[in-house]
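Working notes, beginning with the structure itself.
The values are calculated or read from the model by the stated rules, or taken from the named source; none is laboratory data. Remember, predicted model here, so these are calculated numbers, not experimental data. Counting neighbours? That spans all protein chains shown, and the Cβs are built from the backbone with ideal geometry, glycine included.
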Amino acid sequence: MSRPLVNGGQAIVDALVAHGVDTVFGIPGTHNLAVYSALKSSPIRHVSPRHEQGAGYAADGYARLGGRPGVVVTTTGPAILNAATAAAQAYSDSIPVLFIAPGMPLTHPGGHNGLLHEVRSQFDAMSAVVGYAQRVTSVEEIPHAVAQCFAAMTAGRPRPAYLEVPLDLLEHEAEADTVIVESPVAQATAVPAEAQLGAAAELLRGARRPLIVAGGGCSGAAGELRAFAETLGAPVVTSANGKGVLDEAHPLSLGAGVQHRVLLEIATEADVVVAVGTELAPADWWWGPLPRTTLIRIDIDPTSIATNARPTVGVVGDAGAALAELTKRLPAAPGTSPAEVDAWRTRLQADAREIGAAYLGLCSSLEAALGDDAVIAADSSMSCYYGLLGSLPLHRPRSFLYPAGLGTLGYGLPAAIGAKLAEPQREVVAVLGDGGVMFTIAELASAAEAGLALPVVIVDNGGYGEIRNEMADRDGHVHAVDLPTPDFPALARALGCHGVAVASDDEVGPAVRAAFAADRPTLVHVREQSAD
């Protein structure tokens, strides 16, 4: 019996539904209308950002908080290239986002002919910024390609993927079975080798002042990390993307602190350092090289085990599985003394207060306003990496969404939209600078269209403050960094949101609290306060 015929657009949507996709971020265009026709009659919710880069960041935020892949659909040429920065950001921070776009037709001339949206090598451009890329050559191949993309995104270290479908195939009809490919790679790397576990456990049994450094690779292993830390008696310091994997109110939490130089001194005082799911990367402001110490590294990515710091023992495997197996092999130990933990925490907090002095009032105001399950979608702005990262306690994994690796601007607003759609019951707050928010300010309109009760806090320092400081430190030639401030509250209202200006940091928290109960997003504009 013959199966019904479907076109390429329908085959894509059917495959997404089969993989449990419930939300797609995208913008329709001339070449992807077959996909949109199929989306219209599907159970998938479509969210319409105002720019493809915003679509990519929103899908990233959706994936980070929701713990499942985000999906972006664009049209050809400039549209998918607009999303390329978001794809590169997802790659650098190990976030599974699937980017889908039409490409030039199968019969397109090799020498090009000026077809609308034609790019010399769209596939090569996207292949350069994702972990896995595939271009199909038939409608029948589409379900298999989607399945392979999902397998690639979720096996081992998460990475974004790119699927290109020649635009003529989107309208072409054929029989296409829906398939789901289970990745043997994920199963093979989940549990580390016994020899690696044994060697690590042997080192840990003799530890008297252990220290754990946890990164974003622990975001799905919060329970296992806590049990391991408590059994070992080891304090936990995190990277930006690991912030909250251990409740920052826990007595063993040192907070998010790899960005502080003092951590290198603390690492020399520890007799064993356990780095879990972290690159120890310069982009995290890890001020390496790591001092000579006994180092155990746990990572799903075997290539990361010896990157930036060579371990005494490397354990390749899923963070949760590795930590659980190690915990079984360890007797309960006193570990690092409470007095030492308190001393280390005090030194890290002092450093955080010093570099983030201008933002301590903002942190206190937000802390008073937020519940334990709050999520901060942060931008690469001074208020976030000098302020909130080190001085705003958070209590849940995946609670600080931050563009660490690539350090892109404009991430916070669309990422907050994606996060709120992924977990609508959570309190989500976007925090950006006045320079960075202008990269994606149009996404206020998409947040308003979605009816999200989303506070968007803009901390205004009159332009690109970090670059201004770097210019001043370099040679005093400060240029092109001072920007006129628009009327942000009025702009927000023009885009369908509420907009308020507050006079001080103390007023930010109450404004955010009120925004959680609003019928639409609320932009909260505050001028950066003096550090005096």
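Scanning the range 145-166 for residues that are within 16 Å of Ala190 (Cα to Cα) and out of contact with any Asp or Glu (no Cβ under 6 Å at 6 or more places or on another chain) gives Ala151, Ala152, Met153, Thr154, Ala155, Gly156, Pro158. Does the range 62-74 include one or more residues that are surrounded by fewer than 24 Cβ atoms within 10 Å (Cβ to Cβ), touching a helix residue (DSSP H, G or I) at 6+ places or on another chain (Cβ under 7 Å), more than 25 Å from Phe400 (Cβ to Cβ) and at pLDDT 95 or above? No; the residues of the range 62-74 include none that is surrounded by fewer than 24 Cβ atoms within 10 Å (Cβ to Cβ), touching a helix residue (DSSP H, G or I) at 6+ places or on another chain (Cβ under 7 Å), more than 25 Å from Phe400 (Cβ to Cβ) and at pLDDT 95 or above.
Among the residues of the range 478-532, what is the count of those that are of a type in the set (Asp, Glu) and closer than 16 Å to Ile441 by Cβ? Can you show your working first?
Narrowing the range 478-532 to residues of a type in the set (Asp, Glu): 482, 487, 505-507, 519, 528, 532.
With closer than 16 Å to Ile441 by Cβ added as a condition, the list becomes 487.
Summing the residues that are of a type in the set (Asp, Glu) and closer than 16 Å to Ile441 by Cβ in the range 478-532 gives 1.
Among the residues of the range 284-326, none is identified as touching a Gly at 6+ places or on another chain (Cβ under 8 Å), of a type in the set (S, T, N, Q) and at negative phi.
Sub-8 Å Cβ pairs linking a first residue in the range 237-251 that is touching a residue at least 12 places away in the same chain (Cβ under 8 Å) and of a type in the set (Phe, Trp, Tyr) to a second residue that is surrounded by fewer than 24 Cβ atoms within 10 Å (Cβ to Cβ) and in a loop (DSSP other than H, G, I, E, B), at least 6 apart or interchain, number zero. Taking the criterion of being assigned to a loop (DSSP other than H, G, I, E, B) and touching a Phe, Trp or Tyr at 6+ places or on another chain (Cβ under 8 Å), the residues of the range 417-442 that qualify are Glu427, Asp434, Gly435, Thr440.
For (1) under 20 Å from the mean Cα position of the chain (by Cα); (2) under 24 Å from Gln53 (Cβ atoms); (3) in the same structural domain as Thr85 (by TED's automatic domain parsing), each residue gets a yes or a no:
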site: Leu432; (1), (2), (3): yes, yes, no
site: Ala448; (1), (2), (3): no, yes, no
site: Leu454; (1), (2), (3): yes, yes, no
site: Glu466; (1), (2), (3): no, yes, no
site: Asn469; (1), (2), (3): no, no, no
site: Leu495; (1), (2), (3): no, yes, no
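Is there a residue in the range 298-305 that is within 26 Å of the chain's Cα centre (by Cα), more than 26 Å from Ser399 (Cα to Cα) and either among the polar types (S, T, N, Q) or not assigned by TED's automatic domain parsing to the domain that holds Leu421 (or both)? Taking every residue of the range 298-305 in turn, at least one turns out to be within 26 Å of the chain's Cα centre (by Cα), more than 26 Å from Ser399 (Cα to Cα) and either among the polar types (S, T, N, Q) or not assigned by TED's automatic domain parsing to the domain that holds Leu421 (or both). Within the range 298-312, is even one residue modelled with pLDDT of 90 or more, part of a loop (DSSP other than H, G, I, E, B), in contact with a helix residue (DSSP H, G or I) (Cβ under 7 Å, 6 or more places away or on another chain) and buried (at least 19 other Cβ atoms within 10 Å of the Cβ)? Among the residues of the range 298-312, at least one is modelled with pLDDT of 90 or more, part of a loop (DSSP other than H, G, I, E, B), in contact with a helix residue (DSSP H, G or I) (Cβ under 7 Å, 6 or more places away or on another chain) and buried (at least 19 other Cβ atoms within 10 Å of the Cβ), which makes the answer yes. Assessment of the range 417-429 against the conditions (of a type in the set (Val, Ile, Thr), touching a strand residue (DSSP E or B) at 6+ places or on another chain (Cβ under 6 Å) and buried (at least 24 other Cβ atoms within 10 Å of the Cβ)) yields at least one matching residue. If you check Ala309, Ala369 for being more than 19 Å from Asp271 (Cβ to Cβ) and either touching a Pro at 6+ places or on another chain (Cβ under 8 Å) or among the hydroxyl-bearing types (Ser, Thr, Tyr) (or both), only one passes: Ala369. Within the range 86-127, the only residue that satisfies the criterion of being loosely packed, with under 14 Cβ neighbours inside 10 Å, within 28 Å of the chain's Cα centre (by Cα) and in a loop (DSSP other than H, G, I, E, B) is Ser121. Taking the residues in the range 6-42 that are among the polar types (S, T, N, Q) and within 19 Å of Gly56 (Cα to Cα) as candidates, determine which candidate is modelled with the highest pLDDT. Among them, the one singled out is Thr23.
The single condition among (1) in contact (Cβ under 8 Å) with a residue 40 or more places away in the chain; (2) aliphatic (A, V, I, L, M); (3) not in a loop (DSSP other than H, G, I, E, B) that Ala133 does not satisfy is (1).
Give the residues of the range 354-379 that are of a type outside the set (A, V, I, L, M) and touching a strand residue (DSSP E or B) at 6+ places or on another chain (Cβ under 9 Å), sorted by residue number. Reasoning before the result, please.
We begin by selecting, within the range 354-379, every residue of a type outside the set (A, V, I, L, M); these are 354, 356, 359, 361, 363-365, 367, 371-373, 379.
Residues satisfying the conditions are Tyr359, Asp379.
Between Ala480, Ala490, Ala450, Ala472, the distinction of being out of contact with any Phe, Trp or Tyr (no Cβ under 8 Å at 6 or more places or on another chain) and touching a residue at least 24 places away in the same chain (Cβ under 8 Å) belongs to Ala450 only. Taking the range 240-283 as the range and being under 25 Å from Ala200 (Cα atoms) and assigned to a helix (DSSP H, G or I) as the test, the residues that pass are Leu263, Leu264, Glu265, Ile266, Ala267, Thr268, Glu269. Among residues that are surrounded by 18 or more Cβ atoms within 10 Å (Cβ to Cβ) and either among the β-branched types (Val, Ile, Thr) or more than 26 Å from Gly418 (Cβ to Cβ) (or both), Arg474 is not included. Within the range 199-239, the only residue that satisfies the criterion of being touching a Ser or Thr at 6+ places or on another chain (Cβ under 6 Å), under 22 Å from Ala90 (Cβ atoms) and not in a loop (DSSP other than H, G, I, E, B) is Ala214. Evaluating Phe25 against the criteria (1) aromatic (Phe, Trp, Tyr); (2) surrounded by fewer than 23 Cβ atoms within 10 Å (Cβ to Cβ); (3) not in a helix (DSSP H, G or I) leaves one unmet condition, (2).
Scanning the range 487-532 for residues that are surrounded by 14 or more Cβ atoms within 10 Å (Cβ to Cβ), outside any helix (DSSP H, G or I) and of a type outside the set (A, V, I, L, M) yields a count of 12. Filtering the range 173-182 for residues that are small (Gly, Ala, Ser), assigned to a loop (DSSP other than H, G, I, E, B), surrounded by 19 or more Cβ atoms within 10 Å (Cβ to Cβ) and at pLDDT 95 or above leaves an empty set.
Criterion applied to Ala249, Ala267, Ala227 was being over 22 Å from Ala350 (Cα atoms) and surrounded by fewer than 23 Cβ atoms within 10 Å (Cβ to Cβ), and the one residue passing it is Ala227.
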